[in-house]
Amino acid sequence: MKHTLDEFERYQERSVNRCQVLIETQLRVDDELYPFEVLNISTAGFMGTSALTLLMGAMVEIELPGMGFVGAHIRWSLAGKIGVQFVDELTLDQCRRAILPDPTDYQKPRLV
């Protein structure tokens, strides 16, 4: 199912704020691992880029720093960008840990 740019912009309207990041990680889809870059994240979900073609509603797992694999499902996919909602919302502390797993490690900034 292809989505239009209007539909993509509608998904940009969110009920929670997102933190702009760059986290190079991987998605697990049907027991296979694929490279994935998280571009923004919130307690409710994340958006990123991948060469994968995923259908809306597909179940995936994302590997997050300090947390391991976390369940999620695809909300939208358009032009290499994918919007994903966590099965169980993260706490603010979990979200912070994904952005900066070691708060004393200021040599490797992750925010963009």
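The residue that is nearest to the chain's Cα centre (by Cα), among those in region 77-87 that are at pLDDT below 95 and part of a loop (DSSP other than H, G, I, E, B), is Gly80.
Reported count of residues in region 88-100, each being out of contact with any helix residue (DSSP H, G or I) (no Cβ under 8 Å at 6 or more places or on another chain) and part of a loop (DSSP other than H, G, I, E, B), is 4. When every residue of region 64-76 is checked against the conditions, at least one turns out to be over 19 Å from Asn17 (Cα atoms), of a type in the set (A, V, I, L, M, F, W, C), at pLDDT 90 or above and buried (at least 17 other Cβ atoms within 10 Å of the Cβ).
Cβ-Cβ contacts under 9 Å between residues 6 or more apart (or on different chains), taken from a first residue in region 27-49 that is closer than 15 Å to Ala98 by Cα to a second residue that is assigned to a loop (DSSP other than H, G, I, E, B) and polar (S, T, N, Q), are listed as Leu27/Ser50; Phe36/Ser50; Glu37/Ser50; Ser42/Asn17; Thr43/Thr91; Ala44/Ser15.
Selection of region 17-63 for residues being surrounded by 14 or more Cβ atoms within 10 Å (Cβ to Cβ), of a type in the set (A, V, I, L, M) and part of a loop (DSSP other than H, G, I, E, B) yields Ala44, Leu52, Leu54, Ala58. Can you tell me which residues in region 28-44 are under 18 Å from Asp88 (Cα atoms) and over 13 Å from the mean Cα position of the chain (by Cα)? Selection gives Val29 alone.
Look at region 61-90: where a residue is over 17 Å from Arg28 (Cβ atoms) and in contact (Cβ under 8 Å) with a residue 60 or more places away in the chain and a partner is assigned to a loop (DSSP other than H, G, I, E, B) and of a type in the set (D, E, K, R), sitting 6+ places away or on another chain with Cβ atoms under 9 Å, you get Leu78/Lys2.
The values are calculated or read from the model by the stated rules, or taken from the named source; none is laboratory data. Note that the coordinates shown come from a computational prediction; the quantities given were computed from them, not determined experimentally. Quick reminder, even Gly has a Cβ in these numbers, built from the backbone with ideal geometry, and neighbours come from all protein chains shown.
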